[in-house]
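Comments concern the structure below.
The values are calculated or read from the model by the stated rules, or taken from the named source; none is laboratory data. What you see is a predicted model, and the numbers here were worked out from it, not measured in a lab.
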Amino acid sequence: MAEMRADLGTAASDPAVAEYAGPLQTLQAFDGPIPETFNGRLCMLAAPLALWEEWAHANTMAQQVQAHPERVIGISLLILIATCVPVFRGYTRKEPYARGLWTPMAENWNGR
């Protein structure tokens with residue numbers, strides 16, 4: 001089972017930031033759980049799809065984005081929603097499939 005989050009990032013503990021930061025700002029802080037997880041998942045899913053499309057149809061990534069911006073936005077939103085829902089429910093990045101191909105550590109490294 002996934003573990004519940006005990007922290008929401010250290011940026012929210014700063015009194016100057018905490019005064020203006022609500023729960024969403026805390027979760028999306030620089031060291032919060034959403035940005036790095038989202039970036040890693042986007043890299044692991046979107047980049048191979050774009051490379052496959054480039055190889056299969058000889059379209060560069062820029063041409064793909066220009067021709068089908070709805071695909072880029074749709075995939076990004078789908079990944080963002082899939083990342084945010086567990087975090088909003090209080091779960092950590094320590095997922096039950098931590099020994100699989102897409103581990104939390106792989107998400108972090110690929111997002112960087």
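May I ask you to list the residues in the range 17-43 that are modelled with pLDDT under 85, of a type in the set (A, V, I, L, M) and under 10 Å from the mean Cα position of the chain (by Cα)?
34
For the range 55-92, name all the residues that are more than 24 Å from residue 106 (Cα to Cα) and in a helix (DSSP H, G or I).
55, 56, 57, 62, 63, 64, 65, 66, 67, 69, 70, 71
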